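Written below as structure tokens is the structure these notes are about.
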Amino acid sequence: MIYPFITVPAPDLGGFVLHQGNVHYKYVYVGEALVGANGRRRKPKARSIGRLITDEQGEELLIPNNNYYEIMGLSQPESAVAEGPGRKPYKRVAQPMPEREQWSEVAVGYGLAILIMSAQLGLSAALENAFGAATRERILALAAYLCEERHSSLAGLNNFIGRNLGLLSDVQKFARREAGQLLVELSAPGRGKFYDLWNQQQTNRPKEIFYDVTSISTYSPRLRKAHFGCNRDGEDDLRQVNEGLFCDRENGRPLYLCCYDGSLTDCQNFNYALERAGQHNLGNVEHLTLIFDGGFSSDNLTWTKLCGYDFIAGVSSEKLADVKSAYLAWWDSRPDAVNKKPWLLDGRCYYSGRVPLRLGEVQGELRVYCDPAKRAQELLDLTEKRQHLLDELLATQRAPRRKADFDAWAARFAPHFKVVKVERNRNARGFVFTEDENADNDARGLCGNITLFCALNHAATEVSDAEVLRLYRSKEAVEDCFDLTKNALSDKRLHIAGDAQVEGKLLILFVALILRRTLHQRLRDWLQANNYTDEDAIKELEQITFYKHDGKWFQKDAVSKTQREIIARLQLDLNDPLPDNPSPLYRPRQRKRRKNKKKA
């Protein structure tokens, strides 16, 4: 373990210094000298006690590791962030080279798109006010790197910046090590201020917002928030961190992101996530409606209403008995007017109704829907399943003897049949069964049902059944955000080592998600018409390059038709986009073959 944020005077303990590129490791001898079989004395074993650096006054300082505290007899610090032991990379971290006077090339298309979009959205201003100008540029650089394509590591970050982000003059030395330090520096006060400013700077504040939860798996054993829980990807053998996201319904733009313990369920943490979001100006909108998926208990709905939110919540007729009873009562006694007035939404036919319902302390309406096409298919599946279970019961010669095994076996036939254990001297099969008509009728009555619980008391106008269902069905916007975060930005994993980096990386992913969603929204129609993906459009932008000659920048090649269309939709301006002295290019230097030891 090494502690990168602690420096101590370099101790005079003898030993030697091992030079690995620009990094100098201090080694000291421990133990006593040994005598070999040939009678010659050998030096004792050497151990590294940290890295040597030089401050502005020229004094030599040491960044200690755990060996330093052990040898010096000191207790290890608890507040510092421990960095893993690490290994020397096969290729050294790319270093800036002096800018060439002639024919220096910089790809400007993608970097210009990132700068313009972040400025138009108010993202740059929020990041600068929260973290400062230098940190803002590093955040945008790392977010742009994640947006380009799915990167499983930061090994190519330095080269990417030198190739595409020549407009960002303050990221001249920003590679994997500096990126890890940036994640730690994104403190809680800065993150909170950023979310405050981000929600304040939205020009068109959303009136409907979505909330949903996903889980991100991790291999790291040192994340305190990572625990085993209900994994949405089916990776139950890995620990996870849960991520809650609020986003705008209209354009799918992320508004607030929080992470919490991987063992907590959606219901347990919903109140706390909503409270934190409200503290970051998420609820300062007139007639705000919150839309979230099923699986939330009546306690959550009570707390939501007490906070003053209108909401549309998916509720399960299988989990909540009141919802099941209300829907079956409506379906059994539905008036003829319902049967005679079906309506269409997105090419599908529906019947609908409204049932007053109280869940917990919330008095609202249960909007009930029946999809005839879905009902017909579910009735067919239910009938086939019932017949299959009946055939299995008739073919069973003997039931399991042990009570626990029998109960588990009998539960498979619910709700269609009741299976009861009897003595074998009375029945050789060991069981008898009867049809459960009530449960079977309820199961048939629930086929094709959709149930939404609504509290829309602050709505300015009456919200129709079709509009409520349309709003709820559009929650796929937040699901698209999760798909981008896990599959296009972070490769489904939290590739970090410590707790101090979790919140920082999620903030970077949040910024990258905003940029990627904005780019997709502006290019959506063009992408669909030309069968392009977001990555294809980014690659086209990266081919727009400028070169320097006699102190001036010139466009290298003519812009193609595809590039012109992308530029027009993104509202980019290529007229003199580069400053006189942009940041220098980057070039990786090869690893030296020999390791030189310099005696202290």
*Taking only the stretch 410-430 into account, find how many residues are open to solvent by less than 40 Å² (accessible area, probe 1.4 Å) and within 15 Å of Asp391 (Cα to Cα).*
5
_Every residue from the stretch 339-360 that is open to solvent by 40 Å² or more (accessible area, probe 1.4 Å) and free of Cβ contacts under 8 Å to residues at least 60 places away in the same chain_ = Asn339, Lys340, Lys341, Pro342, Leu344, Gly347, Arg348, Cys349, Tyr351, Pro356, Arg358
_Given (1) of a type outside the set (Asp, Glu); (2) over 30 Å from Phe311 (Cβ atoms); (3) in a helix (DSSP H, G or I), identify the lone condition not met by Ala443._
(2)
_Quick check on this structure: which one of Tyr272, Tyr211, Tyr260 is among the aromatic types (Phe, Trp, Tyr) and either modelled with pLDDT under 80 or crowded, with 20+ Cβ neighbours inside 10 Å (or both)?_
Tyr211
*Kindly provide the set of residues from the stretch 505-554 that are more than 23 Å from Ala141 (Cβ to Cβ) and among the polar types (S, T, N, Q), ordered by number.*
Gln528, Asn530, Asn531
*Has the stretch 543-552 got any residue that is modelled with pLDDT of 65 or more and part of a helix (DSSP H, G or I)?*
no
*asked:* I need a count of the residues in the stretch 361-404 that are touching an Asp or Glu at 6+ places or on another chain (Cβ under 9 Å) and of a type in the set (Ser, Thr, Tyr).
replied: 1
*Pick out the one residue from Thr518, Thr533 that is within 20 Å of Ile116 (Cβ to Cβ) and hydroxyl-bearing (Ser, Thr, Tyr).*
Thr518
*Residues of the stretch 291-322 being basic (Lys, Arg) and either surrounded by 17 or more Cβ atoms within 10 Å (Cβ to Cβ) or touching a strand residue (DSSP E or B) at 6+ places or on another chain (Cβ under 6 Å) (or both), which ones?*
Lys305
*When only residues in the stretch 40-69 that are of a type in the set (Val, Ile, Thr) and open to solvent by less than 30 Å² (accessible area, probe 1.4 Å) count, which is nearest to Leu13 (Cα to Cα)?*
Ile49
*Does Gln397 fit the bill of being at pLDDT 85 or above, of a type in the set (S, T, N, Q) and in a helix (DSSP H, G or I)?*
no
*asked:* Given (1) surrounded by fewer than 19 Cβ atoms within 10 Å (Cβ to Cβ); (2) at pLDDT 75 or above; (3) under 17 Å from the mean Cα position of the chain (by Cα), identify the lone condition not met by Arg517.
replied: (1)
*Output the residues belonging to the stretch 206-228 that are in contact with a helix residue (DSSP H, G or I) (Cβ under 7 Å, 6 or more places away or on another chain) and within 18 Å of Ala273 (Cα to Cα).*
Glu208, Phe210, Asp212, Val213, Thr214, Ile216, Lys225
*Return the total of residues in the stretch 191-208 being assigned to a helix (DSSP H, G or I), at pLDDT below 85 and open to solvent by less than 70 Å² (accessible area, probe 1.4 Å).*
0
*Those strands (runs of 3 or more DSSP E) lying entirely in the stretch 1-111 with at least 1 residues modelled with pLDDT under 80 and either closer than 30 Å to Gln571 by Cα or not aromatic (Phe, Trp, Tyr) (or both)*: 104-107
*Here are Ser325, Ser333: which of them is closer than 30 Å to Phe270 by Cβ, open to solvent by 50 Å² or more (accessible area, probe 1.4 Å) and without any contact (Cβ under 8 Å) to a residue 24 or more places away in the chain?*
Ser325
*Considering only the stretch 226-260, how many residues are assigned to a strand (DSSP E or B) and over 14 Å from the mean Cα position of the chain (by Cα)?*
3
*Here are some residues: Ala155, Ala188, Ala119, Ala126. Which one is among the small types (Gly, Ala, Ser), at pLDDT 85 or above, over 20 Å from the mean Cα position of the chain (by Cα) and open to solvent by 20 Å² or more (accessible area, probe 1.4 Å)?*
Ala119
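The values are calculated or read from the model by the stated rules, or taken from the named source; none is laboratory data. Everything numeric here is computed off the predicted structure, so don't read it as measured data. Positions of Cβ are backbone-derived with ideal geometry, glycine not excepted, and every protein chain shown enters the neighbour counts. Just so you know, the surface numbers come from the protein's heavy atoms only, side chains and all, with ligands and any DNA or RNA stripped out. Shrake-Rupley method; radii C 1.70, N 1.55, O 1.52, S 1.80 Å.
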